[in-house]
1. Is region 100-111 home to any residue that is under 33 Å from the mean Cα position of the chain (by Cα) and within 27 Å of Gly149 (Cβ to Cβ)?
2. Just need a number here: residues in region 21-49 that are open to solvent by 30 Å² or more (accessible area, probe 1.4 Å) and part of a helix (DSSP H, G or I).
3. If you take the residues in region 70-93 that are surrounded by 17 or more Cβ atoms within 10 Å (Cβ to Cβ) and closer than 17 Å to Ala104 by Cα, which one is nearest to the chain's Cα centre (by Cα)?
4. Which count do you get for residues in region 244-271 that are assigned to a helix (DSSP H, G or I) and either of a type in the set (Val, Ile, Thr) or farther than 29 Å from Glu205 by Cα (or both)?
5. Checking Ser86 against (1) modelled with pLDDT of 90 or more; (2) not in a loop (DSSP other than H, G, I, E, B), which single condition isn't satisfied?
6. Quickly run through region 6-20 and pick out the residues that are more than 23 Å from Asn180 (Cα to Cα) and either open to solvent by less than 30 Å² (accessible area, probe 1.4 Å) or among the charged types (D, E, K, R) (or both).
7. Tally the residues that are free of Cβ contacts under 8 Å to residues at least 12 places away in the same chain and either open to solvent by 60 Å² or more (accessible area, probe 1.4 Å) or more than 15 Å from Ser133 (Cβ to Cβ) (or both), restricting the search to region 230-253.
8. Is at least one residue of region 72-79 over 19 Å from Lys116 (Cα atoms), part of a loop (DSSP other than H, G, I, E, B) and at pLDDT 95 or above?
Amino acid sequence: VADRFVKEEVPLIPNRGNIISSDGQLMASSLPEYKIYMDFKAGGEKKDTLLMRHLDSICDGLHQIFPDKSKAEFKAHILKGRKKGSRNYLLYPKRISYIQYKEAKQLPVFNLSKYKGGFHEQTFNRRKKPFGSLAMRTLGDMYSDVTLGAKNGLELQYDSILKGKEGVSHRQKVMNKYLNIVDIPPVDGCDIITTIDVGMQDIAEKALLDQLKEINGNVGVAILMEVKTGEVKAIVNMTKGNDGIYREVKNNAVSDMMEPGSTFKTASIMVALEDGYITPDQEVDTKNGVYMMHGRPMKDHNWHRGGYGVIDVAKVLMVSSNIGVSRVF
């Protein structure tokens with residue numbers, strides 16, 4: 001008989017590790033969320049009498065915590081569940097925060113134990129990003145319940161480090177109550193510290209968005225690297241949606257394979273400036289956008305509109321002139 005009241009190998013889910021920026025700020029963390037239920041058969045007639053006596057104050061309190069539903073709606077909803085005699089009646093359709101749960105738990109009847117009052121909860125873990133969309137695609141996405149795993153980004157790349165190790169317990173019924181007895185305790189996931197700097201990431205994101213809006217671009221990428229260490233301090237990927245709003249949809253900086261192309265112009269001009277061969281205000285003639293180079297025509301992207309003519313080195317870099325970079329040396 002005792003064996004029938006034992007449930008073996010119940011998994012214990014560890015806490016997932018945090019993702020932290022290089023300047024020590026929390027960029028991704030797991031926070032608890034709850035769904036709240038009512039067992040209308042718990043506590044018997046005594047509880048039912050208490051529930052009806054305090055029903056108005058309970059519904060008023062629920063409305064204060066969840067303003068999207070009126071006091072009358074909560075009252076009708078609770079009475080419907082009471083009439084059914086439901087043992088697992090969902091009181092509010094959405095997941096709620098820990099603060100909201102604690103506030104609901106202080107209401108009359110709800111503040112009793114679940115065996116006397118019937119109020120009980122289901123706990124979920126949800127991944128939260130305190131800085132919202134900042135570096136969202138680089139950090140990566142989780143499924144709505146973090147126990148289901150990661151989808152992409154750093155969350156997926158370092159999933160084995162972040163997720164920790166499940167523990168094992170068994171449930172045993174003792175005097176009409178199930179007790180969780182831990183056999184192997186869970187091991188919480190480790191935190192990871194990234195090279196991303198929140199301040200630099202924010203500046204890079206704003207700068208890229210401003211430029212994309214100015215030119216009405218479809219996709220933009222910005223990567224900021226600390227040259228001395230090679231650490232990526234900011235990485236931004238913006239794609240224009242059908243509604244015209246820019247969002248981080250895909251990590252183009254990592255996933256897109258293409259020739260480096262014009263990035264060599266920046267490197268070339270940096271070397272020339274550093275070695276003193278040129279100055280930012282030195283002028284160069286880019287002609288009409290077409291220039292013969294070793295027997296073949298070299299073209300700027302606006303050659304069909306007559307080119308840029310005479311411009312300084314700073315403008316050469318700004319407009320990404322092939323002729324300007326080639327002739328400046």
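The values are calculated or read from the model by the stated rules, or taken from the named source; none is laboratory data. Everything numeric in this text was worked out from a predicted model, so none of it was measured. Here Cβ is always computed from backbone atoms with ideal geometry, including for glycine, and neighbour counts include all displayed protein chains. The accessibility values were calculated without ligands, DNA or RNA, using every heavy atom of the protein model including side chains. Shrake-Rupley method; radii C 1.70, N 1.55, O 1.52, S 1.80 Å.
1. yes
2. Qualifying residue count, region 21-49: 5.
3. Applying the filter and picking the extreme gives Tyr92.
4. The number of residues fulfilling the criteria is 5.
5. (2)
6. Gly17, Ile19
7. Qualifying residue count for the region: 5.
8. Looking through region 72-79, none of the residues is over 19 Å from Lys116 (Cα atoms), part of a loop (DSSP other than H, G, I, E, B) and at pLDDT 95 or above.
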